[in-house]
Amino acid sequence: MKKAAITIALAWVLLVVPVVMAPPAQELQGQISSPRDRAAVRGLVPVEGSATHPEFQKYEVHFGPEPNPGDEWSPLTGSPFTVPVVQGRLVLWDTTIIPDGVYSLRLRLVRLDGNYDEYFVRGIQVLNT
């Protein structure tokens, strides 16, 4: 009789008590993995990283002169992009068309509702001459 009561109690717990599951792993959303902060670059530079989100609309990649680009951000050729990227090439940056100097890169990840997150790489030195 005790075995039957234990079995019924266990079945009740399994049916009534909600199962607590671990939340899904956080998706990698926005990142520029290359070039890195304070990198020296020249020529055609692959900008690599990730741009993805469950509510993904598009991503944009801009560059701006340091120390503070303010309103001087310029889009890289092809930006905006409407296909998410996970650990791959975001864009190819042609540094030969800009003056040598120090720049920042900005990845803007735009969601379907129009809100966005931004990710930066700073202190990139363009040295073509």
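Some notes on this structure:
- Among residues of the stretch 86-105, those that are of a type in the set (V, I, T), in contact with a Gly (Cβ under 9 Å, 6 or more places away or on another chain) and surrounded by fewer than 16 Cβ atoms within 10 Å (Cβ to Cβ), counted: 2
- Meets criteria (assigned to a strand (DSSP E or B) and either more than 17 Å from the chain's Cα centre (by Cα) or on the phi > 0 side of the Ramachandran plot (or both)) for G64: yes
- Members of the stretch 114-129 that are more than 16 Å from P35 (Cα to Cα) and in contact with an Asp or Glu (Cβ under 7 Å, 6 or more places away or on another chain): T129
- Those residues of the stretch 41-72 which are open to solvent by 50 Å² or more (accessible area, probe 1.4 Å) and either within 21 Å of I97 (Cβ to Cβ) or basic (K, R) (or both), in sequence order: R42, L44, E48, K58, E66, D71, E72
- Applying the criterion of at least 2 residues that are without any contact (Cβ under 8 Å) to a residue 60 or more places away in the chain and under 16 Å from G64 (Cα atoms) to the strands (runs of 3 or more DSSP E) found wholly in the stretch 74-129 leaves 85-94, 101-111.
- Any hit, the stretch 106-119, residues being over 13 Å from the mean Cα position of the chain (by Cα) and surrounded by 13 or more Cβ atoms within 10 Å (Cβ to Cβ): no
- All conditions in (1) modelled with pLDDT under 95; (2) open to solvent by 90 Å² or more (accessible area, probe 1.4 Å); (3) not hydrophobic (A, V, I, L, M, F, W, C) hold for R38, with the sole exception of (1).
- So D71, is it at pLDDT 95 or above and farther than 14 Å from F120 by Cα: no
The values are calculated or read from the model by the stated rules, or taken from the named source; none is laboratory data. Note that the coordinates shown come from a computational prediction; the quantities given were computed from them, not determined experimentally. Heads up, the Cβs are rebuilt from the backbone with ideal geometry, glycines too, and the neighbour counts pull from every protein chain shown. In case anyone asks, the SASA skips ligands and DNA or RNA and just uses the protein heavy atoms, side chains included. Shrake-Rupley method; radii C 1.70, N 1.55, O 1.52, S 1.80 Å.
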